[in-house]
1. Identify, among 98, 289, 244, the residue whose Cα sits farthest towards the positive end of the charge dipole of the chain, taking +1 on the Cβ of Lys and Arg and -1 on the Cβ of Asp and Glu, with the dipole about the Cα centre.
2. Antiparallel as a % of all DSSP beta bridges within the chain, to the nearest 5?
3. Once the other residues with Cβ under 12 Å from the Cβ of residue 119 are scored (Lys, Arg +1; Asp, Glu -1), what is the net sum?
4. Taking the solvent-accessible surface of protein heavy atoms with a 1.4 Å probe, what is the per residue accessible area of the chain in Å²?
5. When the Kirkwood hydrodynamic radius is evaluated over all pairs of different C-alpha atoms of segment 187-327, what value in angstrom, to one decimal, is obtained?
6. How many lysine pairs are close in the chain, with Cα atoms under 22 Å apart and the two 8 or more places apart or on different chains?
7. Could you work out what % of the accessible surface of the chain is carbon and sulfur, using a 1.4 angstrom probe and leaving DNA, RNA and ligands out of the count?
8. Normalised by the residues of segment 225-319, what does the relative contact order come to in percent, with Cα pairs under 8 Å and at least six apart?
Amino acid sequence: MTKRTRSLPNILWIVLDSLRADHVGCYGYHRNTSPTIDQIAAGGVKYKRAVAQANCSLPSHASFLTGLYPHEHGVREHGDRLRSDVPTIASSLRRLGYVTCAVSGNGVVGERYGLSNGFDEVTLTHVSSSVVRQLWEKGWQALGLADRGGKYVTRRAITAMRECTEPWFLLVGYMETHAPYLPPWRFARRFQPSGVGAAGRPFFSARAMNIHRLACTATSEEWEHAVACYDGEVAYADALVGDLVTFLEDTMQLDQTLIIVCADHGDFLGERGLVYHQYGLGEALVGVPLIVRYPPLTKGGLVVDRVVELRDVSRTLVERLGAPSLAPTRYPWRDIFQPDESWSGLAFSEKKRLSSSRRDEFESNRWHRPFLHEDRDAWLVRTDRWEFIAYDDGSCALYDIERDPREEDDLAARECETVRTFSRVLDEFRGKRGARWPRGSAEDGTQGEVPRAAPGSP
């Protein structure tokens, strides 16, 4: 195994599941939820408008690990599996001489879904097969006396960093900010408004185990408590990240390690009447934090305010390090370390509707039925200012996301020319894969055939 040189830094990629950018301190949040992440941003680059390529974990992980859009790599819903012939950032770096490890609380990086391709070792949070044991663990979590496996992930990640032969690539995944929002008690209390106190926590926690039920039944005061619990989870995850940073500092590796902090997607917290990330598509889901710190290459405190996609990260690393290439793509990508006017001003995300079996299951669930109207195939186009969402029934929505981040004012009916422009952009994007897509303006909702791209077209 080759030894690390200056051109081959160790790489620590931290993924915080369901973390919204607008609940992170350095992105302007009013609560002090993320002092460690803020410190990393102060010494690195913060991407103000980073966009995830999907609304949920599996396709999003597949995209930022392969540098491909979901419709390119084929992993679009739960149960899909990445083909073994599709290279990942891990497989490329391993061929370059890296030791590649993943430690995650999210099972999507395991062998079952094909995302373990290229990793020398994958460690997932242990989940007991015993129903009684699972209920026992959930009970302790509901009381705030146990976490979602974050401590275990941190210990194993530190062990991996200590034992791996250099250079190493380590992917660390935390599930703390994923629903249900039940942080350890001292973090749950940190942002607590008046209302639910210690005596009411077990009752609230039992309802919070089902986020859709909570959304349908919670009072405004209880929902305020739920958001405070989410923020408590952010603070707890940030503390776990702090343990990783402390280890790097203590071992004199911090400034020689390329650190990436991001989320695979966010969560709706009431925007457009939606919760969680199963239904709908919008800024709350795809607007994620992205921070990169590596002093030899990044200027501390730099803010990039143009749109960037998570899939750009792996492609940039492969190109910069001289690793074997990822799978070819027809779409342009950005070198995240060279923000300039040549960057594309567009970012894309996509969502696939539920499978028929899962939809049937949720239609029989009273707490899911109120949200099923948002179970549609959807595509999102994001620019520095606009967010355009098109649905498989021919309808669309348009938001001035900089002025209206909660998506309360749909401008599609008033900005017809802008809608037509985005429809053409999306037609071109879809045309590169020769697919059918709704064509037309917001008024007529007509559909048409998108021409196939000519062989070899960019």
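1. 98
2. Percentage antiparallel, nearest 5: 50.
3. Around residue 119, the charge tally is -2.
4. 41
5. 18.3
6. Taking the Cα cut-off of 22 Å, the pair count is 5.
7. 50
8. 24
The values are calculated or read from the model by the stated rules, or taken from the named source; none is laboratory data. Here the structure is a predicted model, which is why all the values come from computation and not from measurement. A quick note on method: Cβ atoms are made from the backbone with ideal geometry, for glycine too, and the neighbour counts reach across all protein chains shown. In case anyone asks, the SASA skips ligands and DNA or RNA and just uses the protein heavy atoms, side chains included. Shrake-Rupley method; radii C 1.70, N 1.55, O 1.52, S 1.80 Å.
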